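Written out below as C-alpha coordinates is the structure these notes cover.
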Amino acid sequence: MYSERKGKGAGIVMKRYTRVFAEIDLDAVVFNMESMRRNLAPETGLVGVVKADGYGHGSVPVARAIASYVEAYAVATAEEALLLRRHGIGKPVLILGPVHKSHYGSLVEQGIRPVIFTMEQARELSEEAVRQERRADFHLAVDTGMSRIGLDADENGARLAMEICSLPGIRAEGIFTHFARADEEDKSWSDAQLARFLGFVELLEERGLRIPVKHCANSAAIIDMPKTGMNWARAGISLYGMYPSGEVAKEAVPLRPVMSLKSFVTYVKEISPGRQVSYGGTFVAEEPTRVATVPVGYGDGYPRNLSGCGYVLIHGQKAPILGRVCMDQLMADVSRIPDVGTGTEVTLIGRDGPSEIRVEDLAEWGGGFHYEIVCDIGKRVPRVYLRGNEAVGAKDYFEDVYPEF
Ligand SMILES: *Cc1c(COP(=O)(O)O)cnc(C)c1O
(Lines give C-alpha, C1' and ligand atoms only; values in the text may rest on other atoms or scores of the structure.)
Protein backbone atom coordinates (compact mmCIF):
# COMPACT_ATOMS: atom_id res chain seq x y z
CA MET A 1 0.00 0.00 0.00
CA TYR A 2 1.43 3.28 -1.05
CA SER A 3 0.90 5.24 2.11
CA GLU A 4 4.01 3.39 3.27
CA ARG A 5 6.07 3.56 0.11
CA LYS A 6 7.55 6.95 -0.47
CA GLY A 7 9.09 8.15 -3.69
CA LYS A 8 12.37 9.65 -2.58
CA GLY A 9 13.43 11.72 -5.60
CA ALA A 10 11.31 14.81 -5.28
CA GLY A 11 10.23 13.98 -1.74
CA ILE A 12 6.78 13.23 -3.06
CA VAL A 13 4.72 10.90 -0.96
CA MET A 14 2.93 8.59 -3.34
CA LYS A 15 -0.80 8.81 -3.26
CA ARG A 16 -2.47 5.98 -1.44
CA TYR A 17 -4.58 3.88 -3.75
CA THR A 18 -7.36 2.16 -1.88
CA ARG A 19 -9.47 0.63 -4.63
CA VAL A 20 -7.34 -0.99 -7.32
CA PHE A 21 -3.90 -0.32 -8.75
CA ALA A 22 -1.36 -1.98 -11.01
CA GLU A 23 2.23 -2.29 -9.91
CA ILE A 24 4.79 -2.09 -12.70
CA ASP A 25 8.10 -3.63 -11.67
CA LEU A 26 10.75 -1.67 -13.57
CA ASP A 27 13.48 -3.98 -12.24
CA ALA A 28 11.70 -6.86 -13.96
CA VAL A 29 11.55 -4.84 -17.18
CA VAL A 30 15.32 -4.37 -17.00
CA PHE A 31 15.81 -8.06 -16.14
CA ASN A 32 13.81 -9.02 -19.23
CA MET A 33 15.84 -6.70 -21.44
CA GLU A 34 19.09 -8.18 -20.14
CA SER A 35 17.75 -11.66 -20.63
CA MET A 36 16.91 -10.99 -24.30
CA ARG A 37 20.22 -9.18 -24.74
CA ARG A 38 22.05 -12.35 -23.71
CA ASN A 39 20.21 -14.44 -26.29
CA LEU A 40 21.04 -12.13 -29.20
CA ALA A 41 24.26 -11.52 -31.08
CA PRO A 42 26.15 -8.51 -29.70
CA GLU A 43 25.66 -6.59 -32.95
CA THR A 44 21.88 -6.87 -32.75
CA GLY A 45 20.31 -3.78 -31.21
CA LEU A 46 17.09 -4.01 -29.25
CA VAL A 47 14.02 -1.97 -30.11
CA GLY A 48 11.60 -1.41 -27.25
CA VAL A 49 8.06 -1.85 -28.54
CA VAL A 50 5.93 0.48 -26.41
CA LYS A 51 2.79 0.72 -28.53
CA ALA A 52 -0.67 0.75 -26.92
CA ASP A 53 0.79 2.67 -23.99
CA GLY A 54 3.45 0.04 -23.47
CA TYR A 55 0.99 -2.87 -23.70
CA GLY A 56 -0.98 -1.14 -20.95
CA HIS A 57 2.06 -0.70 -18.67
CA GLY A 58 2.74 2.96 -19.52
CA SER A 59 4.90 3.80 -22.54
CA VAL A 60 6.84 6.72 -21.07
CA PRO A 61 8.05 5.13 -17.81
CA VAL A 62 8.84 1.85 -19.59
CA ALA A 63 10.70 3.70 -22.34
CA ARG A 64 12.74 5.56 -19.73
CA ALA A 65 13.48 2.40 -17.77
CA ILE A 66 14.94 0.66 -20.83
CA ALA A 67 16.68 3.68 -22.35
CA SER A 68 20.19 2.31 -21.93
CA TYR A 69 19.26 -1.04 -23.49
CA VAL A 70 17.64 0.08 -26.72
CA GLU A 71 18.69 1.51 -30.06
CA ALA A 72 15.19 2.72 -30.75
CA TYR A 73 11.53 2.51 -29.81
CA ALA A 74 8.57 1.32 -31.81
CA VAL A 75 4.96 2.47 -31.49
CA ALA A 76 1.79 2.04 -33.53
CA THR A 77 0.54 5.58 -34.05
CA ALA A 78 1.78 9.12 -34.63
CA GLU A 79 0.29 10.25 -31.32
CA GLU A 80 2.18 7.55 -29.44
CA ALA A 81 5.43 8.61 -31.08
CA LEU A 82 4.88 12.29 -30.37
CA LEU A 83 4.07 11.47 -26.74
CA LEU A 84 7.52 9.91 -26.32
CA ARG A 85 9.18 13.00 -27.80
CA ARG A 86 7.09 15.28 -25.57
CA HIS A 87 8.49 13.38 -22.59
CA GLY A 88 12.04 13.98 -23.73
CA ILE A 89 12.78 10.62 -25.33
CA GLY A 90 15.30 11.40 -28.05
CA LYS A 91 16.25 8.02 -29.55
CA PRO A 92 14.85 6.94 -32.90
CA VAL A 93 11.13 6.21 -32.75
CA LEU A 94 9.59 4.03 -35.44
CA ILE A 95 5.87 3.91 -36.16
CA LEU A 96 5.01 0.35 -37.13
CA GLY A 97 1.82 1.10 -39.03
CA PRO A 98 0.85 3.58 -41.75
CA VAL A 99 -0.16 7.05 -40.53
CA HIS A 100 -2.24 9.74 -42.19
CA LYS A 101 -0.23 12.21 -44.25
CA SER A 102 -1.42 15.07 -42.04
CA HIS A 103 1.03 13.78 -39.41
CA TYR A 104 4.09 13.88 -41.70
CA GLY A 105 4.86 17.51 -40.83
CA SER A 106 5.34 16.86 -37.13
CA LEU A 107 7.04 13.50 -37.71
CA VAL A 108 9.66 15.05 -40.00
CA GLU A 109 10.13 17.92 -37.55
CA GLN A 110 10.74 15.52 -34.68
CA GLY A 111 12.75 12.89 -36.49
CA ILE A 112 10.14 10.16 -36.04
CA ARG A 113 10.40 7.35 -38.60
CA PRO A 114 7.20 6.41 -40.43
CA VAL A 115 6.85 3.19 -42.39
CA ILE A 116 6.63 3.63 -46.12
CA PHE A 117 5.56 1.08 -48.72
CA THR A 118 3.54 2.94 -51.36
CA MET A 119 4.56 5.60 -53.84
CA GLU A 120 1.86 7.89 -52.51
CA GLN A 121 3.20 7.74 -48.93
CA ALA A 122 6.72 8.26 -50.21
CA ARG A 123 5.78 11.30 -52.29
CA GLU A 124 3.93 12.93 -49.40
CA LEU A 125 6.87 12.34 -47.06
CA SER A 126 9.35 13.58 -49.64
CA GLU A 127 7.38 16.77 -50.25
CA GLU A 128 7.25 17.45 -46.53
CA ALA A 129 10.99 16.82 -46.09
CA VAL A 130 11.82 19.13 -49.00
CA ARG A 131 9.46 21.77 -47.63
CA GLN A 132 11.17 21.62 -44.23
CA GLU A 133 14.64 21.30 -45.77
CA ARG A 134 15.22 18.28 -43.55
CA ARG A 135 16.10 14.68 -44.30
CA ALA A 136 13.27 12.34 -43.36
CA ASP A 137 14.32 8.81 -42.43
CA PHE A 138 11.78 6.07 -42.90
CA HIS A 139 11.57 2.29 -42.73
CA LEU A 140 10.48 0.27 -45.72
CA ALA A 141 7.88 -2.37 -44.80
CA VAL A 142 8.04 -5.65 -46.70
CA ASP A 143 5.14 -8.11 -46.75
CA THR A 144 6.54 -11.61 -46.51
CA GLY A 145 3.47 -13.39 -45.19
CA MET A 146 1.34 -11.26 -42.87
CA SER A 147 -0.65 -9.67 -45.72
CA ARG A 148 -1.02 -6.65 -43.47
CA ILE A 149 1.25 -3.88 -44.70
CA GLY A 150 4.34 -3.68 -46.85
CA LEU A 151 5.41 -3.97 -50.44
CA ASP A 152 5.60 -7.36 -52.09
CA ALA A 153 8.89 -9.17 -51.79
CA ASP A 154 9.29 -9.58 -55.57
CA GLU A 155 10.61 -7.81 -58.70
CA ASN A 156 7.70 -5.36 -58.69
CA GLY A 157 8.30 -4.59 -55.03
CA ALA A 158 11.97 -4.03 -55.73
CA ARG A 159 11.20 -1.63 -58.59
CA LEU A 160 8.83 0.27 -56.30
CA ALA A 161 11.43 0.39 -53.51
CA MET A 162 14.01 1.82 -55.94
CA GLU A 163 11.57 4.46 -57.10
CA ILE A 164 10.64 5.38 -53.50
CA CYS A 165 14.27 5.69 -52.51
CA SER A 166 15.10 7.95 -55.44
CA LEU A 167 12.79 10.69 -54.13
CA PRO A 168 14.46 13.80 -52.71
CA GLY A 169 14.71 14.51 -48.98
CA ILE A 170 13.94 11.00 -47.77
CA ARG A 171 16.14 8.04 -46.88
CA ALA A 172 15.40 4.41 -46.10
CA GLU A 173 17.11 4.06 -42.74
CA GLY A 174 15.60 0.63 -42.32
CA ILE A 175 13.85 -2.27 -44.00
CA PHE A 176 11.75 -4.74 -42.07
CA THR A 177 9.17 -7.46 -42.14
CA HIS A 178 7.00 -9.09 -39.50
CA PHE A 179 6.59 -12.76 -38.65
CA ALA A 180 3.05 -14.13 -38.57
CA ARG A 181 3.80 -17.45 -36.89
CA ALA A 182 7.15 -17.24 -35.09
CA ASP A 183 5.46 -18.17 -31.79
CA GLU A 184 4.63 -21.63 -33.15
CA GLU A 185 6.86 -24.60 -32.52
CA ASP A 186 6.97 -25.36 -36.23
CA LYS A 187 9.15 -22.67 -37.73
CA SER A 188 8.68 -23.59 -41.40
CA TRP A 189 6.42 -20.61 -42.11
CA SER A 190 8.82 -18.23 -40.37
CA ASP A 191 11.79 -19.74 -42.19
CA ALA A 192 9.97 -19.11 -45.47
CA GLN A 193 9.23 -15.51 -44.48
CA LEU A 194 12.86 -15.01 -43.52
CA ALA A 195 14.04 -16.41 -46.86
CA ARG A 196 11.65 -14.11 -48.72
CA PHE A 197 12.90 -11.12 -46.75
CA LEU A 198 16.57 -11.90 -47.30
CA GLY A 199 15.90 -12.57 -50.98
CA PHE A 200 14.25 -9.19 -51.28
CA VAL A 201 17.10 -7.41 -49.53
CA GLU A 202 19.39 -9.08 -52.07
CA LEU A 203 17.24 -7.86 -54.97
CA LEU A 204 17.67 -4.32 -53.69
CA GLU A 205 21.39 -4.73 -53.17
CA GLU A 206 21.77 -6.03 -56.72
CA ARG A 207 20.19 -2.75 -57.79
CA GLY A 208 22.68 -0.83 -55.67
CA LEU A 209 20.36 -0.01 -52.77
CA ARG A 210 21.87 -0.85 -49.39
CA ILE A 211 19.59 -0.06 -46.47
CA PRO A 212 21.53 0.24 -43.21
CA VAL A 213 19.10 -1.25 -40.67
CA LYS A 214 17.45 -4.62 -41.29
CA HIS A 215 14.98 -6.05 -38.80
CA CYS A 216 12.37 -8.76 -38.62
CA ALA A 217 12.45 -10.34 -35.14
CA ASN A 218 9.61 -9.97 -32.65
CA SER A 219 9.67 -11.48 -29.15
CA ALA A 220 9.06 -14.99 -30.45
CA ALA A 221 11.99 -14.74 -32.85
CA ILE A 222 14.25 -13.18 -30.19
CA ILE A 223 13.57 -16.26 -28.08
CA ASP A 224 13.45 -19.03 -30.68
CA MET A 225 15.22 -17.63 -33.75
CA PRO A 226 17.90 -15.28 -32.37
CA LYS A 227 19.83 -15.57 -35.64
CA THR A 228 17.09 -13.47 -37.26
CA GLY A 229 18.18 -10.57 -35.03
CA MET A 230 20.06 -8.77 -37.82
CA ASN A 231 20.59 -5.08 -36.92
CA TRP A 232 17.53 -4.57 -34.75
CA ALA A 233 15.18 -6.91 -32.89
CA ARG A 234 11.77 -5.64 -31.81
CA ALA A 235 10.95 -6.70 -28.25
CA GLY A 236 7.31 -6.38 -27.30
CA ILE A 237 5.49 -8.85 -25.09
CA SER A 238 8.70 -10.30 -23.62
CA LEU A 239 9.74 -6.87 -22.42
CA TYR A 240 6.65 -7.05 -20.22
CA GLY A 241 7.62 -10.46 -18.89
CA MET A 242 5.29 -12.63 -20.91
CA TYR A 243 6.08 -15.25 -23.53
CA PRO A 244 4.36 -14.79 -26.86
CA SER A 245 2.96 -18.31 -26.57
CA GLY A 246 3.39 -21.55 -24.69
CA GLU A 247 5.30 -23.02 -27.62
CA VAL A 248 8.51 -20.99 -27.41
CA ALA A 249 11.65 -22.22 -25.64
CA LYS A 250 11.12 -20.36 -22.37
CA GLU A 251 14.36 -21.57 -20.82
CA ALA A 252 16.39 -19.73 -23.47
CA VAL A 253 15.18 -16.35 -22.22
CA PRO A 254 14.06 -16.26 -18.59
CA LEU A 255 11.44 -13.55 -18.07
CA ARG A 256 9.99 -11.97 -14.96
CA PRO A 257 6.35 -10.79 -14.87
CA VAL A 258 6.09 -7.02 -14.76
CA MET A 259 2.48 -6.16 -13.95
CA SER A 260 0.62 -6.97 -10.77
CA LEU A 261 -2.97 -6.00 -10.11
CA LYS A 262 -3.94 -5.38 -6.49
CA SER A 263 -7.10 -4.38 -4.72
CA PHE A 264 -8.69 -4.41 -1.26
CA VAL A 265 -11.79 -6.17 -0.01
CA THR A 266 -14.65 -3.74 0.54
CA TYR A 267 -17.17 -6.04 2.23
CA VAL A 268 -17.46 -9.56 3.61
CA LYS A 269 -20.64 -11.44 4.43
CA GLU A 270 -21.91 -14.95 4.93
CA ILE A 271 -24.67 -16.23 2.69
CA SER A 272 -26.85 -19.24 3.33
CA PRO A 273 -27.54 -22.12 0.93
CA GLY A 274 -29.83 -21.15 -1.93
CA ARG A 275 -28.62 -17.54 -2.14
CA GLN A 276 -27.50 -16.33 -5.56
CA VAL A 277 -24.49 -14.19 -6.34
CA SER A 278 -24.27 -11.46 -9.00
CA TYR A 279 -26.19 -10.81 -12.22
CA GLY A 280 -28.14 -13.66 -13.68
CA GLY A 281 -27.82 -15.81 -10.57
CA THR A 282 -25.24 -17.98 -12.25
CA PHE A 283 -23.83 -18.95 -8.85
CA VAL A 284 -26.11 -20.43 -6.20
CA ALA A 285 -24.64 -21.27 -2.78
CA GLU A 286 -24.95 -24.94 -1.90
CA GLU A 287 -23.57 -24.44 1.60
CA PRO A 288 -22.99 -21.49 3.92
CA THR A 289 -20.48 -19.36 2.03
CA ARG A 290 -18.36 -16.38 3.03
CA VAL A 291 -18.33 -13.90 0.21
CA ALA A 292 -15.80 -11.09 -0.21
CA THR A 293 -16.64 -8.18 -2.48
CA VAL A 294 -13.68 -6.87 -4.46
CA PRO A 295 -13.97 -3.45 -6.13
CA VAL A 296 -12.62 -4.52 -9.53
CA GLY A 297 -14.60 -5.25 -12.68
CA TYR A 298 -14.60 -5.19 -16.43
CA GLY A 299 -14.76 -1.37 -16.24
CA ASP A 300 -11.17 -1.68 -15.03
CA GLY A 301 -10.31 -4.11 -17.81
CA TYR A 302 -10.64 -7.21 -15.66
CA PRO A 303 -12.08 -9.70 -18.15
CA ARG A 304 -15.77 -10.44 -17.75
CA ASN A 305 -15.14 -13.85 -19.25
CA LEU A 306 -13.60 -14.81 -15.89
CA SER A 307 -17.14 -14.89 -14.49
CA GLY A 308 -17.53 -18.08 -12.51
CA CYS A 309 -14.03 -19.27 -13.32
CA GLY A 310 -10.60 -18.49 -12.03
CA TYR A 311 -9.71 -17.00 -8.68
CA VAL A 312 -8.04 -14.11 -6.90
CA LEU A 313 -5.45 -14.44 -4.13
CA ILE A 314 -6.13 -13.37 -0.55
CA HIS A 315 -3.54 -14.10 2.16
CA GLY A 316 -1.73 -16.19 -0.46
CA GLN A 317 -4.74 -18.48 -0.94
CA LYS A 318 -7.14 -18.99 -3.81
CA ALA A 319 -10.49 -17.26 -3.54
CA PRO A 320 -12.65 -18.48 -6.46
CA ILE A 321 -14.69 -15.87 -8.36
CA LEU A 322 -18.40 -16.35 -7.71
CA GLY A 323 -20.88 -15.59 -10.47
CA ARG A 324 -20.51 -12.83 -13.00
CA VAL A 325 -17.81 -10.17 -12.93
CA CYS A 326 -19.63 -6.79 -12.78
CA MET A 327 -18.43 -3.52 -14.27
CA ASP A 328 -16.91 -2.27 -11.02
CA GLN A 329 -16.98 -5.16 -8.57
CA LEU A 330 -16.66 -8.90 -8.30
CA MET A 331 -17.35 -11.43 -5.57
CA ALA A 332 -14.98 -14.12 -4.35
CA ASP A 333 -15.38 -17.13 -2.10
CA VAL A 334 -13.35 -16.73 1.12
CA SER A 335 -15.07 -19.52 3.07
CA ARG A 336 -11.75 -21.32 3.45
CA ILE A 337 -9.59 -18.24 4.09
CA PRO A 338 -9.48 -16.91 7.66
CA ASP A 339 -9.09 -13.26 8.67
CA VAL A 340 -10.60 -11.59 5.62
CA GLY A 341 -12.30 -8.28 6.22
CA THR A 342 -12.75 -4.83 4.78
CA GLY A 343 -9.33 -3.60 3.65
CA THR A 344 -7.69 -7.03 3.22
CA GLU A 345 -5.37 -7.00 0.21
CA VAL A 346 -6.45 -8.90 -2.90
CA THR A 347 -4.09 -9.95 -5.69
CA LEU A 348 -5.78 -10.34 -9.07
CA ILE A 349 -2.50 -10.59 -11.00
CA GLY A 350 0.89 -11.20 -9.42
CA ARG A 351 2.46 -12.92 -6.46
CA ASP A 352 1.02 -13.24 -2.98
CA GLY A 353 3.18 -15.31 -0.66
CA PRO A 354 3.55 -18.82 -2.08
CA SER A 355 0.99 -18.28 -4.83
CA GLU A 356 1.06 -16.44 -8.10
CA ILE A 357 -1.44 -15.53 -10.80
CA ARG A 358 0.04 -14.72 -14.18
CA VAL A 359 -1.69 -12.83 -16.94
CA GLU A 360 -1.36 -16.03 -18.95
CA ASP A 361 -3.47 -17.83 -16.30
CA LEU A 362 -6.26 -15.29 -16.74
CA ALA A 363 -6.07 -15.84 -20.49
CA GLU A 364 -6.25 -19.60 -20.03
CA TRP A 365 -9.15 -19.56 -17.56
CA GLY A 366 -11.33 -17.30 -19.64
CA GLY A 367 -10.21 -18.28 -23.12
CA GLY A 368 -8.67 -14.81 -23.57
CA PHE A 369 -5.40 -13.52 -24.97
CA HIS A 370 -2.63 -12.33 -22.63
CA TYR A 371 -1.53 -9.45 -24.93
CA GLU A 372 -5.10 -8.18 -24.93
CA ILE A 373 -5.62 -8.49 -21.18
CA VAL A 374 -2.76 -6.14 -20.30
CA CYS A 375 -3.65 -3.70 -23.08
CA ASP A 376 -7.19 -3.60 -21.73
CA ILE A 377 -6.36 -2.74 -18.11
CA GLY A 378 -8.24 0.53 -18.08
CA LYS A 379 -7.34 4.11 -17.38
CA ARG A 380 -9.31 3.94 -14.14
CA VAL A 381 -6.49 1.75 -12.81
CA PRO A 382 -3.48 3.81 -11.71
CA ARG A 383 -0.07 2.33 -12.50
CA VAL A 384 2.52 2.55 -9.74
CA TYR A 385 6.16 2.15 -10.81
CA LEU A 386 8.50 0.22 -8.56
CA ARG A 387 12.27 0.14 -8.44
CA GLY A 388 14.02 -1.84 -5.70
CA ASN A 389 10.52 -2.40 -4.32
CA GLU A 390 10.06 1.33 -3.85
CA ALA A 391 7.46 3.44 -5.62
CA VAL A 392 9.24 5.86 -7.93
CA GLY A 393 6.35 7.18 -10.00
CA ALA A 394 2.73 6.78 -10.89
CA LYS A 395 0.68 7.00 -14.01
CA ASP A 396 -2.71 8.19 -12.96
CA TYR A 397 -5.55 9.14 -15.27
CA PHE A 398 -6.09 12.11 -12.99
CA GLU A 399 -2.54 12.91 -11.99
CA ASP A 400 0.77 11.71 -13.50
CA VAL A 401 3.93 12.05 -11.43
CA TYR A 402 7.37 10.70 -12.25
CA PRO A 403 9.54 12.24 -9.55
CA GLU A 404 12.54 9.94 -10.10
CA PHE A 405 12.99 9.57 -13.81
C1 LIG B 1 3.64 -5.45 -32.07
C2 LIG B 1 4.75 -5.69 -32.98
C3 LIG B 1 5.94 -6.25 -32.52
C4 LIG B 1 6.11 -6.81 -31.14
O5 LIG B 1 5.56 -8.11 -31.08
P6 LIG B 1 5.70 -9.00 -29.77
O7 LIG B 1 5.12 -10.31 -30.12
O8 LIG B 1 4.92 -8.30 -28.70
O9 LIG B 1 7.15 -9.02 -29.45
C10 LIG B 1 7.00 -6.32 -33.40
N11 LIG B 1 6.88 -5.89 -34.68
C12 LIG B 1 5.74 -5.38 -35.16
C13 LIG B 1 5.67 -4.94 -36.58
C14 LIG B 1 4.63 -5.27 -34.34
O15 LIG B 1 3.49 -4.79 -34.84
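The values are calculated or read from the model by the stated rules, or taken from the named source; none is laboratory data. Quantities reported herein were computed from a predicted structural model and do not represent experimental measurements. FYI the Cβ positions are ideal-geometry reconstructions off the backbone, even for glycines, and counts take in every protein chain you see. Ligands, DNA and RNA are excluded from the accessible area calculation, which covers all protein heavy atoms including side chains. Shrake-Rupley method; radii C 1.70, N 1.55, O 1.52, S 1.80 Å.
A few points about this structure:
- Flag for residue 142 being within 14 Å of the ligand (Cβ to nearest atom), at pLDDT 95 or above and out of contact with any Phe, Trp or Tyr (no Cβ under 7 Å at 6 or more places or on another chain): no
Yes/no matrix, rows are residues, columns are (1) among the hydroxyl-bearing types (Ser, Thr, Tyr); (2) touching a strand residue (DSSP E or B) at 6+ places or on another chain (Cβ under 8 Å):
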| residue | (1), (2) |
| --- | --- |
| 23 | no, yes |
| 38 | no, no |
| 51 | no, yes |
| 68 | yes, no |
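- Residue within the stretch 345-360 that is open to solvent by 60 Å² or more (accessible area, probe 1.4 Å) and either in a strand (DSSP E or B) or among the hydroxyl-bearing types (Ser, Thr, Tyr) (or both) present: yes
- The set of residues in the stretch 112-157 being on the phi > 0 side of the Ramachandran plot and open to solvent by 30 Å² or more (accessible area, probe 1.4 Å) consists of 133, 147.
- Answer from 278, 307, 260 - the residue that is away from the ligand (no atom under 13 Å from the Cβ) and under 19 Å from the mean Cα position of the chain (by Cα): 260
- Breaking point among (1) over 28 Å from residue 381 (Cβ atoms); (2) part of a helix (DSSP H, G or I), for residue 280: (1)
- Restricting 277, 291, 284 to residues that are over 27 Å from residue 387 (Cα atoms), open to solvent by 60 Å² or more (accessible area, probe 1.4 Å) and out of contact with any helix residue (DSSP H, G or I) (no Cβ under 9 Å at 6 or more places or on another chain) narrows the list to 284.
- Among residues of the stretch 82-92 being in a helix (DSSP H, G or I) and not basic (Lys, Arg), the one that is most open to solvent (accessible area, probe 1.4 Å) is 83.
- Count of residues meeting criterion [within 14 Å of the ligand (Cβ to nearest atom) and either of a type in the set (Phe, Trp, Tyr) or assigned to a loop (DSSP other than H, G, I, E, B) (or both)] in the stretch 45-81: 8
- Output for the stretch 82-136, where each listed residue is of a type in the set (A, V, I, L, M), closer than 29 Å to residue 62 by Cβ, over 19 Å from the mean Cα position of the chain (by Cα) and more than 16 Å from the ligand (Cβ to nearest atom): 107, 108, 125, 136
- Residue within the stretch 244-253 that is crowded, with 23+ Cβ neighbours inside 10 Å and of a type in the set (Ser, Thr, Tyr) present: no
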